[in-house]
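Taking it in order: structure first as structure tokens, then the write-up.
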Amino acid sequence: MSQGLEVDGLVDNPQALSFEALAGLPGQIADVSELVPGRQGGAVKLSAVVGASQPQDSGKYITLQAEDWAASIPLEAVADHALLVYRLGDAPLPSTQGGPIRFLIPDVSACGTDEVDECASVKYVQRITITAEKGQDTRPMSRFQHVELHTHE
């Protein structure tokens, strides 16, 4: 699994962000436990990552891609709320905590849309693709599927 994060799609400046590049972006959160009690690690705001990629005006959705999971959500709804947790101390976030990159929305209700739920907080993120329309989304689509998924975790 790659230790970096790719950002592509409707952007003027596609990115392949290493651990060091993520650490060099503005919008750092030293300790996410201050926003989400019980959660560990350091993060960068999604808005800083997206801003570095220079999204085109037609980019309305982000698709978060992991090896076997994808979530596509409205960019505007999460841009100012979401974090990319990428480190634990001075080292990359371990896979046992969802690393190398864990997309985290501290308060899903602040996003103001039903398109964003707890399952949009994706572990093991490798790529963010910005698109005009909703992209691939493997999240549970019914309440039953959602309950079933979390029953087996």
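A short reminder: the numbers here are calculations on the coordinates, not readings from a lab. Note that the coordinates shown come from a computational prediction; the quantities given were computed from them, not determined experimentally. Backbone-built Cβ (ideal geometry, glycine too); neighbour counts: all protein chains shown.
Computed from backbone phi with θ = phi - 60° and the Karplus coefficients 6.51, -1.76 and 1.60, the 3J(HN,Hα) list for the stretch 121-134 is 7, 9, 8, 6, 5, 10, 8, 10, 10, 9, 9, 7, 10, 4 Hz; x is used for glycine and proline.
Restricting attention to the chain, close to 85% of DSSP beta bridges with both partner residues there are antiparallel.
Excluding G59 itself, what net charge comes from residues whose Cβ is under 14 Å from its Cβ, given Lys and Arg +1 and Asp and Glu -1? Working shown, then result.
Values: positive: K60, K134; negative: D8, D12, D57, E76, E133.
Around G59, the charge tally is -3.
Label 7 Å along Cα→Cβ of D8; the stretch 59-90 residues with amide nitrogen under 18 Å? 59-72, by backbone N distance to the label point.
In this Cβ point-charge picture (+1 for Lys and Arg, -1 for Asp and Glu), the stretch 1-151 has a dipole of about 220 debye about its Cα centre. The slack in the chain from A30 to D57, taken as 0.36 nm per residue of separation less the alpha-carbon distance, amounts to 6.7 nm. Under a GNM of the chain (C-alpha, springs under 10 Å), which listed residue has the highest mean-square fluctuation: L35, L83, L17? Comparing L35, L83, L17 in the GNM, the peak value goes to L35. When the chain is modelled as a GNM with alpha-carbon springs shorter than 10 Å, which of T129, T96, T113 fluctuates the most? Top of the fluctuation ranking is T96. Each of V32, G42, S53 was scored by the projection of its Cα onto the charge dipole of the stretch 1-56, and the greatest displacement toward the positive side belongs to V32; charges sit on the C-beta of Lys, Arg, Asp and Glu. Working from label points 7 Å from Cα in the Cα-to-Cβ sense, the A110 to A91 distance is 3.0 nm. Across the stretch 61-68, computed HN-Hα scalar couplings (Karplus, 6.51 cos²θ - 1.76 cosθ + 1.60, θ = phi - 60°) run 10, 10, 10, 8, 10, 10, 4, 10 Hz from first to last residue, x flagging Gly and Pro.
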